[in-house]
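A.B. asks: If you scroll down you'll find the structure; I have some questions about it.
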Amino acid sequence: MKKLAILFLIFIKCLNLTAQVIQKSDLEKFNWFADNHDKRFYKSDTISLIAISDPPQSYISELNRKYRELEYNDTNNITKIKFKKKNNLDVYDLDAKTWTTTRIVGTWKWKFDLQKQLISFYLKEKFHSSFIVKEKSTKTLVWKYDFYNKPTEETYHLLILTLVRIK
């Protein structure tokens with residue numbers, strides 16, 4: 001009986017460990033952004049992919065999503081990432097000062113290994129980089145503004161993936 005209880009406790013512990021696991025569909029579900037101040041997205045050993053995980057609450061919040069992303073990133077440049085079906089990927093750099101968006105010329109692809117929690121990026125069919133998902137967390141961002149002289153507050157829920165470069 002003691003052995004059965006110990007096995008049950010180990011099983012429960014293992015279930016808790018898999019809470020950080022992400023699925024391929026989690027990546028495809030959202031529009032992601034990452035800090036790209038000083039080209040961090042392309043060079044850094046650790047990056048965070050952030051997504052606003054809830055649908056826009058109003059027309060104003062839909063228009064201001066980019067502002068919220070920049071606000072969260074301390075008005076630094078960001079890289080916008082859209083994981084698409086069939087392993088296609090859109091990668092855009094947004095310059096926060098000039099509001100210009102630049103797309104890296106070439107076809108981006110991505111692969112996700114569920115078992116290893118490994119995301120690999122390819123540019124022009126050549127390997128670009130790989131990251132392991134180290135942590136999955138959430139954060140809340142509250143935006144206060146006046147709408148026709150009426151104080152308004154909207155809440156944004158962020159999904160944050162901390163990734164560690166392995167190659």
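A.B. asks: Quick one: of Lys66/Lys126; Lys80/Lys134; Lys80/Lys139; Lys97/Lys150; Lys43/Lys134; Lys66/Lys116, which pairs are farther than 23 Å apart, Cα to Cα?
C.D. replies: Numbers: Lys66/Lys126 30 Å; Lys80/Lys134 20 Å; Lys80/Lys139 19 Å; Lys97/Lys150 29 Å; Lys43/Lys134 17 Å; Lys66/Lys116 32 Å.
In this structure, Lys66/Lys126; Lys97/Lys150; Lys66/Lys116 exceed 23 Å between Cα atoms.
A.B. asks: How long is the gain from Thr102 to Ser53 if the chain were fully straight, where each residue apart is worth 0.36 nm and the alpha carbon distance is subtracted? Mind showing how you got there, number by number?
C.D. replies: On the way: separation 49, 0.36 × 49 = 17.64 nm, distance 2.42 nm.
Full-extension gain reported as 15.2 nm.
A.B. asks: Let me have the 222 nm mean residue ellipticity of the chain computed from DSSP H runs of 4+ only, each contributing -39500 (n - 2.57), with the sum over all residues rounded to the nearest 500. If you can, show how the numbers build up before the last one.
C.D. replies: Working: 5 runs with 39 residues, N = 167.
Using -39500 (n - 2.57) per qualifying helix, the result is -6000 deg cm²/dmol.
A.B. asks: Subtracting the Cα-Cα distance from 0.36 nm times the residue separation, let me have the gained length for Ser137 to Glu125 in nm, one decimal. Can you show the working numbers first?
C.D. replies: Working: separation 12, 0.36 × 12 = 4.32 nm, distance 3.13 nm.
Stretched out fully, the Ser137 to Glu125 stretch lengthens by 1.2 nm.
A.B. asks: Suppose a student asked you for the relative contact order of region 30-165, using Cα pairs under 8 Å spaced at least 6 residues apart; what percent would you report?
C.D. replies: Reported as a whole number, the value is 24 percent.
A.B. asks: So, one more: Hey, what angle do you get for helix 2-17 against the long axis of the chain, alpha-carbon based, 0 to 90 degrees rounded to 10?
C.D. replies: 20 degrees
A.B. asks: Please identify, among Lys82, Lys111, Lys144, the residue showing maximal mean-square fluctuation in a Gaussian network model of the chain using a 10 angstrom Cα cutoff.
C.D. replies: Checking each option, the largest mean-square fluctuation is seen for Lys144.
A.B. asks: Please check: in the Gaussian network model of the chain (C-alpha springs, under 10 Å), which one of Lys134, Lys80, Lys116 has the largest mean-square fluctuation.
C.D. replies: In the Gaussian network model the winner is Lys116.
A.B. asks: May I ask you to compute the full-extension gain from Asp74 to Ile22, defined as 0.36 nm times their residue separation minus their alpha-carbon distance, rounded to one decimal in nm? Provide the component values of the computation, followed by the final result.
C.D. replies: Numbers: separation 52, 0.36 × 52 = 18.72 nm, distance 2.67 nm.
So the chain would gain 16.0 nm between Asp74 and Ile22.
A.B. asks: Compare Ile50, Ile22, Ile60 in a GNM of the chain, Cα atoms joined below 10 Å, and give the one with the largest fluctuation.
C.D. replies: Looking only at Ile50, Ile22, Ile60, the largest GNM fluctuation is found for Ile60.
We did not get these values from a lab; they are worked out from the coordinates using the rules stated. Everything numeric here is computed off the predicted structure, so don't read it as measured data.
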